[in-house]
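Where a number appears in this text, it was derived from the coordinates with a stated rule and is not lab data. Model, not experiment: these values are computed from the prediction. Note that we place each Cβ from the backbone using ideal geometry, even for glycine, and neighbour counts take in every protein chain shown.
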Amino acid sequence: MPIVQFPPIDKADENGLLALGGDLAPESLLLAYSQGIFPWPLGDDYPMAWFSPDPRGVLLLKNFHIPRSLIKFMKKSHYKVTFNQDFLGVMRGCQELTNRKDQSDTWITEEIIEGYYNLFKEGYAYSVECYDNEELVGGLYGVCINSFFSGESMFFRKENASKVVLVKLFEKFQDMGVPMLDTQMVTSVVKAMGGEEIKRKDYIKLLQSALSQEPTHLLSQDQ
């Protein structure tokens, strides 16, 4: 049964943990993201965990920049970037641990894959794919509600593929007027492109503004 209510986000603990239990039905996920909450499995022995951390990682459009080394790489690269062409393939790529040497397990469980794929089929999740010839070498997936976009996870199998995906996504954001990508946390890649942590109350203001804007369908186009 879909979740109908979450506790107030200011009840989250110091690690951002807000609630335990519930499912990943599209209605549950939409309710969560519209309130600044996201799921993160803690393990097979625990019910689904829901988080609303403070501070929150974001990559603002106004602060986004491309490192010089990446600009040089992209001028020589033959990568092709598409949108919403292989959502499950991207999720499976993110599930891999090949490029996550600091992790012994993945949080992208089969339950997570099923939940977000159902959300994708409802039109509230998206993927960005990076191909080298016909090979999927990188990608990113996330949630999209009106002009709100999250970046749940990304992966690469060849040099700079996930970074190229971010660049192409933000080119779309520029056209669409999308103000930010909710990254939840700030990884080294996100930080290098302008990512930062902001207070949760400031994040909620940005979230509410994005949710109030009309949705766009530009991500249905290939790049």
Check your understanding: Taking the C-alpha atoms of segment 1-127, how large are the radius of gyration and the largest Cα-Cα span, Dmax, in Å?
Key -> 17.2, 50
**Study point:** Student exercise, the chain dipole from Lys, Arg, Asp, Glu Cβ charges, in Debye to nearest 20
**Key:** 1160
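Which value at 222 nm does the chain reach when only helices count, each DSSP H run of 4 or more adding -39,500 (n - 2.57), with the total divided by all residues and rounded to the nearest 500 deg cm²/dmol?
Details: 7 runs with 71 residues, N = 223.
Dividing the helical sum by the residues of the chain leaves -9500 deg cm²/dmol.
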Check your understanding: Taking Lys11 as the anchor, which lysines have their alpha carbon closer than 24 Å to its alpha carbon, excluding any fewer than eight residues away along the same chain?
Key -> Lys199, Lys201, Lys205
Review point. How large are Rg and Dmax for segment 9-51 when only the alpha carbon atoms are used, in Å?
Key: 10.0, 28
Exercise for review: Any lysines with Cα under 21 Å of the Lys80 Cα? List them, leaving off those in the same chain fewer than 8 positions away.
Suggested key: Lys72, Lys158, Lys163, Lys168, Lys172
Practice item. Have a look at Gly43, Ala25, Asn15 and report the one farthest towards the positive end of the charge dipole of segment 9-51, computed about the Cα centre with Cβ charges (Lys/Arg +1, Asp/Glu -1). Key: Ala25
**Study point:** Hull volume in cubic angstrom per residue (convex hull over the Cα atoms of segment 116-223)
**Key:** 107
Study note, to complete from the structure: The simple spin-label model distance between Arg68 and Glu214, using points 7 Å out along Cα→Cβ, in nm, is 4.2
Point to revise | Sequence-separation-based contact order of the chain, relative, with Cα cut under 8 Å and 6+ spacing, percent | key: 25
Point to revise | Convex hull of the chain built on C-alpha atoms - directionally averaged projected area, nm² | key: 11.8
